[in-house]
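Student: First the structure, then my questions, so here it is.
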Amino acid sequence: MNPVNIARSELLLGGQKSGKSRRAELLARDWLAQSAVHKAVMIATAQAWDGEMQQRITRHQVDRAERVPGMTTVEEPLLLAESIQAHSNPQTLIVVDCLTLWLTNSLMPFDVQSGAYTAAVDDDPDSPASYMKKQSLALMHQAREALLLEAIRQTPGPLVLVGNEIGLGVIPMGREVRAFVDALGLLNQSVAGACQRVTLMAAGLALTLKDVS
């Protein structure tokens, strides 16, 4: 990948292993190289609820430390807007990786006792109790998303947000999965509207969808 100009806010979208996280790291590396006073912070939204996820997180941490040794990592699964506001300043580039896991944490919080996400453990998904729980989660997420969009618009330093594009394949059969795909698509649209630049990644290649920087 060739070095690119750094926008004040950029959304990197792509499928699994499309190169979106690597490109975010490239932007952070270029930012750090521009000035000795520049800093880079990774806000990681993943949670290690099982061994496989813990191994994946550890592997990413090791790889990231080798590729961008000057970037620090902050773990924040839910309060994303607050974390952006706390760490952002004109000299600091922030990478959020990723919005998809943040949405999962917000809409389908993990149940430690059952070892599954909340949406998968309802005895009766059509019961009034289940409906009320989902409504409550949806309202809380709407509030978090509104704060996130405002943080994107107001951040004083460069911000790079990584997210998955999962709506290009076959329509999922499960109701909960279909609802999540819809929610992620709407989140991506909202974040894209708030960002100065939007880039679609595929096979390690970048396609600019929007650039008003």
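Student: What is the ratio of the Cα radius of gyration of segment 146-213 to 2.2 N^0.38 Å, with N the residue count, to two decimals? Walk me through the numbers before you get to the answer.
Tutor: Details: Rg = 13.8 Å, N = 68, 2.2 N^0.38 = 10.9 Å.
Ratio of Rg to 2.2 N^0.38 Å for segment 146-213: 1.26.
Student: Which percent, nearest 5, of DSSP beta bridges in the chain are antiparallel?
Tutor: Bridges in the chain that DSSP calls antiparallel: roughly 25 percent.
Student: Would you calculate a helix-derived [θ] at 222 nm for the chain, using -39,500 (n - 2.57) for each DSSP H run of n ≥ 4 and dividing by the full residue count, to the nearest 500? Working shown, then result.
Tutor: Working: 6 runs with 96 residues, N = 213.
That comes out to -15000 deg cm²/dmol.
Student: Let me ask you something else. Could you estimate the translational diffusion coefficient of the chain from the Stokes-Einstein equation, with Rh from the Kirkwood formula over C-alpha pairs, at 37 °C and 0.692 mPa s, in whole µm²/s?
Tutor: Here the translational diffusion coefficient equals 183 µm²/s.
Student: Based on the mean of other beta carbon atoms within 10 Å per residue, what is the order of 54-65, 31-42, most packed first?
Tutor: 31-42, 54-65
Student: When only the heavy atoms of the protein chains count and the probe is 1.4 Å, how do L107, L168 rank by accessible area, highest first?
Tutor: L168, L107
Student: In nm, to one decimal, how far is the Q189 label point from the T72 one, both placed 7 Å along Cα→Cβ?
Tutor: Output for this residue pair reads 3.8 nm.
Student: Figure the gain on full extension for A146 and A33 (residue separation times 0.36 nm, minus the Cα-Cα span) and round it to one decimal in nm.
Tutor: Numbers: separation 113, 0.36 × 113 = 40.68 nm, distance 3.31 nm.
Extending this stretch completely gives an extra 37.4 nm.
Student: Would you compute the Debye intensity of segment 1-61 from its alpha-carbon atoms alone, equal scatterers and no solvent, and pass along log10 I(q)/I(0) at q = 0.12, 0.19 Å⁻¹ to two decimals?
Tutor: Taking Cα atoms of segment 1-61 as identical point scatterers yields -0.39, -0.87.
Student: Report in % the part of the accessible area of the chain that belongs to carbon and sulfur, leaving out ligands and nucleic acids; probe 1.4 Å.
Tutor: Here it works out to 56 percent.
Student: Taking amide hydrogens as modeled 1.01 Å from N in the peptide plane, which residues meet the under 5 Å criterion relative to A40, leaving out close sequence neighbours?
Tutor: For A40, the qualifying residues are T72, L93.
Student: Can you give the FRET efficiency for N5 and L168, using 1/(1 + (r/R0)^6), R0 = 30 Å, r = Cβ-Cβ distance, to the nearest 0.05?
Tutor: The formula returns an efficiency of 0.65 here.
Student: Arrange the residues E66, E145 by how much accessible surface each exposes, largest first, with a 1.4 angstrom probe.
Tutor: Working: E66 140, E145 30 Å².
Result, largest first: E66, E145.
Student: If I require 15 Å or longer along the helix axis, counting alpha carbons, and a Kyte-Doolittle average no lower than 0.0, what helices from the chain are left? Use full DSSP H segments. Spell out each step's value before the answer.
Tutor: Details: long enough: 20-34 (21 Å, -0.85); 51-67 (24 Å, -1.82); 128-154 (39 Å, -0.21); 175-194 (29 Å, 0.47).
For the chain, where a helix must reach 15 Å along its axis and average at least 0.0, the hits are 175-194.
Student: Continuing with the same structure: Long-range amide H contacts for G204: which residues qualify at under 5 Å (H placed 1.01 Å from N, peptide plane, sequence gap of 5 or more or a different chain)?
Tutor: Amide H neighbours of G204, under 5 Å, 5+ apart: G19.
Student: In whole Hz, what ³J(HN,Hα) sequence does segment 196-209 give by Karplus (6.51, -1.76, 1.60; θ = phi - 60°), x for Gly and Pro?
Tutor: Here the 3J(HN,Hα) series is 6, 10, 10, 10, 9, 9, 8, 6, x, 9, 9, 10, 6, 9 Hz.
The values are calculated or read from the model by the stated rules, or taken from the named source; none is laboratory data. What you see is a predicted model; the values in this text were computed from it and never measured. We place every Cβ from the backbone using ideal geometry, glycine too, and count neighbours over all the protein chains shown. Surface areas here come from the heavy atoms of the whole protein model, side chains and all, with no ligands, DNA or RNA. Shrake-Rupley method; radii C 1.70, N 1.55, O 1.52, S 1.80 Å.
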